[in-house]
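These notes concern the structure reproduced below.
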Amino acid sequence: MNRLREQGNLPPTAAWMLAAAYVKAGQPEAGKQLIDKLPMQIKPYQELAYSYGSDLRDKAIMLETLLLLNDRTKAFELVKEISEAMSNSNYWMSTQTLAWCLKSVGAYAGGEKGDLKFTYTYNGKEVNANTALTMAQVNLPMEGAKGGNLKITSESKGTLFVRLISEGVPARGAEEDGEKNLSINVTYASSSGIPVDPTVLEQGTEFVATVTVTNPGMRGIYKNLALNQIFPSGWEINNLRLTGDEGSGITGDIATYQDIRDDRVYTYFDLNANQRKTFKVLLTASYAGSYYLPAVSCEAMYDNSVYARKKGKVVDVVKKVVQ
């Protein structure tokens, strides 16, 4: 620890973590000296790989160190910033950032004394809530959610932070095409390359789903992209790993990792600036009937500003006509 401190060129995040280590080692003064001249503001950034860091993750690290130093005044300012970000439905967080925020804010809340008391009014009904824990979760019915008829009143001595979360799955056919800083193209063809219409396939037809993902290059290399392909239950995936035909050329480019399941394929890969990669899945239209082909999507696992998707559609598998 002493040798690391004497380097003199520590990144701010490393200095904050080292300061926390000194406090835990029983040397709080050494910890204070490390961070005394460090700025409290951090320029926004989002790391797609390596430490998966972000400006908010770093603020959470700072908050934890300040709590160890018992500086709750400065800590409270960071708690407000972090809580505001966590309450903003438009602010996306990676698992790394979210974990650090919950850990540090939880440590701050754990230092608050007294029960958590509040009342909330939803659709005209007032409910009193009281718990000795540092957090309370209330499930609200969907009825009336769009009306904004929710009122919360704190009866606790400390500050009450509220987070309203709504989540769900888009209804069948409700998806839309969309892309941001990434593009994808989806085509379907026979094994010999002749285009086929996936909305109407004859039972027993073998065909290839081809997805090409392109990095426009404006933001450099993309790490940890995830391509999600879910297929209708009337189609079967022909897993070439099981037949030993992976080198047949049908699979396209090599992925970092590919998870092939009964009805879906998850493909993980990196993409350099201005690079494109193509991935192929061999399929068979096996069972007659009408099915739904879900949206095909690709996204950066640690940055929600990088994504592309093609909306889903209804597909039919028709019985083979016997001549």
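The values are calculated or read from the model by the stated rules, or taken from the named source; none is laboratory data. Every value quoted in this text rests on a predicted model; they were computed, and no experiment measured them. FYI the Cβ positions are ideal-geometry reconstructions off the backbone, even for glycines, and counts take in every protein chain you see.
Miscellaneous remarks
- Qualifying residue in the stretch 88-100 (condition: surrounded by fewer than 18 Cβ atoms within 10 Å (Cβ to Cβ), in contact with a helix residue (DSSP H, G or I) (Cβ under 7 Å, 6 or more places away or on another chain) and part of a helix (DSSP H, G or I)): yes
- Scanning the stretch 264-297 for residues being part of a strand (DSSP E or B) and either touching a Pro at 6+ places or on another chain (Cβ under 7 Å) or farther than 25 Å from residue 245 by Cβ (or both) gives a total of 8.
- The strands (runs of 3 or more DSSP E) found entirely in the stretch 174-254 that carry 1 or more residues being β-branched (Val, Ile, Thr) and buried (at least 16 other Cβ atoms within 10 Å of the Cβ) are 183-190, 206-214, 222-230, 235-237.
- Restricting attention to the stretch 107-128, the residues that are assigned to a strand (DSSP E or B), under 30 Å from residue 60 (Cα atoms) and not polar (S, T, N, Q) add up to 4.
- Note on the stretch 134-144: among residues that are modelled with pLDDT of 80 or more and surrounded by 10 or more Cβ atoms within 10 Å (Cβ to Cβ), the one that is farthest from residue 160 (Cα to Cα) is 140.
- Scanning the stretch 225-264 for residues that are in contact (Cβ under 8 Å) with a residue 60 or more places away in the chain and within 24 Å of the chain's Cα centre (by Cα) turns up 225, 226, 227, 228, 229, 230, 231.
- Taken over the stretch 123-140, residues that are of a type outside the set (A, V, I, L, M, F, W, C) and within 17 Å of residue 155 (Cα to Cα) amount to 6.
- From the options 303, 316, 245, residue that is more than 15 Å from residue 181 (Cβ to Cβ) and in contact with a Ser or Thr (Cβ under 8 Å, 6 or more places away or on another chain): 316
- Residue match in the stretch 64-87 (condition: farther than 22 Å from residue 303 by Cβ and touching a Pro at 6+ places or on another chain (Cβ under 7 Å)): yes
- Checked against the criterion of being closer than 30 Å to residue 162 by Cα and either in contact with a helix residue (DSSP H, G or I) (Cβ under 6 Å, 6 or more places away or on another chain) or at pLDDT 95 or above (or both), the candidates 29, 64, 47 yield just one match: 64.
- Near pairs, Cβ below 7 angstrom, 6+ apart or cross-chain, from the stretch 20-38 (under 15 Å from residue 71 (Cα atoms)) to any residue that is among the acidic types (Asp, Glu): 20/64
- Residue identified as farther than 30 Å from residue 95 by Cα and modelled with pLDDT of 95 or more among 244, 234: 234
- In the stretch 78-116, the residues that are among the small types (Gly, Ala, Ser) and in contact with a strand residue (DSSP E or B) (Cβ under 8 Å, 6 or more places away or on another chain): 94
- Residue within the stretch 188-209 that is in contact with a strand residue (DSSP E or B) (Cβ under 7 Å, 6 or more places away or on another chain), over 18 Å from residue 317 (Cβ atoms) and in contact (Cβ under 8 Å) with a residue 40 or more places away in the chain present: no
- Picking from residues in the stretch 1-57 that are hydrophobic (A, V, I, L, M, F, W, C) and within 30 Å of residue 225 (Cα to Cα), the one that is nearest to the chain's Cα centre (by Cα) is 48.
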